[in-house]
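Trainee: My questions all concern the structure below.
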Amino acid sequence: MSDYSIRLYKDSDYQVARDLFAEGLVEHTNIAFKHALRQPQICLPVMAVLTLPALNLVSITMAVLLVTVAVVALWFCSRYMYTSYINYCLSDDMLDIRKYYLQRDGYCFWVAESTGGEVMGTVAALPSTQPGGEKHLELKRLSVAPEHRGKGIAKVLCRTLIDFGRKRGCEAVVLSTTVPQINATRLYEKLGFRQTQTFPHLGLLGKFLDFRFLVYQYDIPAA
Ligand SMILES: CC(C)(COP(=O)(O)OP(=O)(O)OC[C@H]1O[C@@H](n2cnc3c(N)ncnc32)[C@H](O)[C@@H]1OP(=O)(O)O)[C@@H](O)C(=O)NCCC(=O)NCCS
């Protein structure tokens, strides 16, 4: 028997739901940073700077300093890709969770709560706004506290949402995630989602860092 249950969001979950969302995203900074560092537009100039001392163009100290500054800046840029989105969402749908998700038809927000009353994870549903997605439900804000991962909580949260979609006559569940969110992509694939699209970030910085989005879809079997 599981030691947690899934229930609808309550106002007392507000802070923990916002924290789970923010922390669950910003934790991908290091993977995004390592991915960016491997891109030719970034690693080639870094290597070029490191060869400058051999050509007697700058001192070794200067070359190391330049590379260090560039690498630190790159890490902050990778972090910014997440923090800018987090800040946007915290003042958008995550500002008044009850109003946004629980007072509108087709929207919902669930939490996984331990028998001791601790909120361990969250997930939200909303109607897709994509063209052609009139019968699609979008999955958002899936996050499980690090100390409770690997217990199947995300799977149960996703199935709760899929069930909600099925009951409402939706044909599919769709979502977008980012390449560094490896645990999430494994989870979606395990649940039967298929990747339908991949697209780069629209901003210049996102393009430079090769920050990419993956779109997944789960076709809800007809009852
Ligand atoms: C992605 C996330 C929600 C998974 O939560 P979880 O409760 O640990 O996931 P589950 O225990 O339900 O795992 C379900 C499946 O996902 C896959 N999975 C999850 N974490 C994994 C990991 N670290 N390594 C490999 N596979 C993993 C497995 O296939 C697993 O099934 P299995 O245990 O039967 O093999 C969690 O890691 C998280 O909150 N990450 C940060 C926020 C995030 O990226 N959210 C997604 C937004 S798009």
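Trainee: Determine which member of the set T160, T115 is among the hydroxyl-bearing types (S, T, Y), surrounded by 13 or more Cβ atoms within 10 Å (Cβ to Cβ), out of contact with any helix residue (DSSP H, G or I) (no Cβ under 9 Å at 6 or more places or on another chain) and more than 25 Å from Y82 (Cα to Cα).
Mentor: T160
Trainee: For region 13-26, state whether one or more residues are more than 16 Å from the ligand (Cβ to nearest atom), loosely packed, with under 13 Cβ neighbours inside 10 Å and hydroxyl-bearing (S, T, Y).
Mentor: No, region 13-26 contains no residue that is more than 16 Å from the ligand (Cβ to nearest atom), loosely packed, with under 13 Cβ neighbours inside 10 Å and hydroxyl-bearing (S, T, Y).
Trainee: Any residue at all in region 206-223 that is modelled with pLDDT of 95 or more, within 15 Å of the ligand (Cβ to nearest atom) and either of a type in the set (D, E) or more than 17 Å from the chain's Cα centre (by Cα) (or both)?
Mentor: Among the residues of region 206-223, at least one is modelled with pLDDT of 95 or more, within 15 Å of the ligand (Cβ to nearest atom) and either of a type in the set (D, E) or more than 17 Å from the chain's Cα centre (by Cα) (or both), which makes the answer yes.
Trainee: Of all residues being among the hydroxyl-bearing types (S, T, Y) and part of a helix (DSSP H, G or I) in region 159-203, which is farthest from S128 (Cα to Cα)? Just the residue, please.
Mentor: It comes out as T185.
Trainee: Return the total of residues in region 164-178 being under 13 Å from E138 (Cβ atoms) and within 11 Å of the ligand (Cβ to nearest atom).
Mentor: Number satisfying all stated conditions: 3.
Trainee: Follow-up. Among the residues of region 28-37 satisfying the criterion of being of a type outside the set (G, A, S) and surrounded by 15 or more Cβ atoms within 10 Å (Cβ to Cβ), which is nearest to the ligand (Cβ to nearest atom)?
Mentor: Among residues in region 28-37 that are of a type outside the set (G, A, S) and surrounded by 15 or more Cβ atoms within 10 Å (Cβ to Cβ), the one nearest to the ligand (Cβ to nearest atom) is H28.
Trainee: Would you call Q195 buried (at least 17 other Cβ atoms within 10 Å of the Cβ), within 15 Å of the ligand (Cβ to nearest atom) and not small (G, A, S)?
Mentor: No, not satisfied.
Trainee: Out of everything in region 1-12 that is hydroxyl-bearing (S, T, Y) and surrounded by fewer than 19 Cβ atoms within 10 Å (Cβ to Cβ), what residue ends up being nearest to C89 (Cα to Cα)?
Mentor: Ranking the qualifying residues of region 1-12, first place goes to S12.
Trainee: A further question on this structure: Kindly indicate which of T51, T83, T29 is modelled with pLDDT of 95 or more and out of contact with any helix residue (DSSP H, G or I) (no Cβ under 6 Å at 6 or more places or on another chain).
Mentor: Every option except T83 fails the conditions.
Trainee: Do any helices (runs of 4 or more DSSP H) entirely within region 1-99 hold 3 or more residues that are among the β-branched types (V, I, T), and if so, which?
Mentor: 40-51, 60-90
Trainee: To continue, here is another question. With (1) touching a helix residue (DSSP H, G or I) at 6+ places or on another chain (Cβ under 9 Å); (2) at pLDDT below 95 as the list, and P131 as the residue in question, which single condition is left unmet?
Mentor: Of the numbered conditions (1) touching a helix residue (DSSP H, G or I) at 6+ places or on another chain (Cβ under 9 Å); (2) at pLDDT below 95, the odd one out for P131 is (1).
Trainee: Are there any pairs, at least 6 apart or on different chains, whose C-beta atoms fall under 8 Å, with the first in region 62-85 and under 13 Å from L37 (Cα atoms) and the second assigned to a helix (DSSP H, G or I) and hydroxyl-bearing (S, T, Y), and if so, which?
Mentor: W75/T29; S78/T29
Trainee: Now, a different point. Give A124, A112 a once-over and let me know the one that is under 21 Å from L102 (Cα atoms), at pLDDT 95 or above and touching an Asp or Glu at 6+ places or on another chain (Cβ under 9 Å).
Mentor: A124
Trainee: Would you be able to tell me the number of residues in region 122-157 that are assigned to a loop (DSSP other than H, G, I, E, B) and either away from the ligand (no atom under 14 Å from the Cβ) or not charged (D, E, K, R) (or both)?
Mentor: 11
Trainee: Next up: Within region 205-213, identify whether any single residue is surrounded by fewer than 15 Cβ atoms within 10 Å (Cβ to Cβ) and farther than 18 Å from N30 by Cβ, and answer yes or no.
Mentor: yes
The values are calculated or read from the model by the stated rules, or taken from the named source; none is laboratory data. Remember, it's a predicted structure, so these values are computed and weren't measured experimentally. Cβ coordinates were reconstructed from backbone atoms using ideal geometry, including for glycine residues, and neighbour counts include every protein chain displayed.
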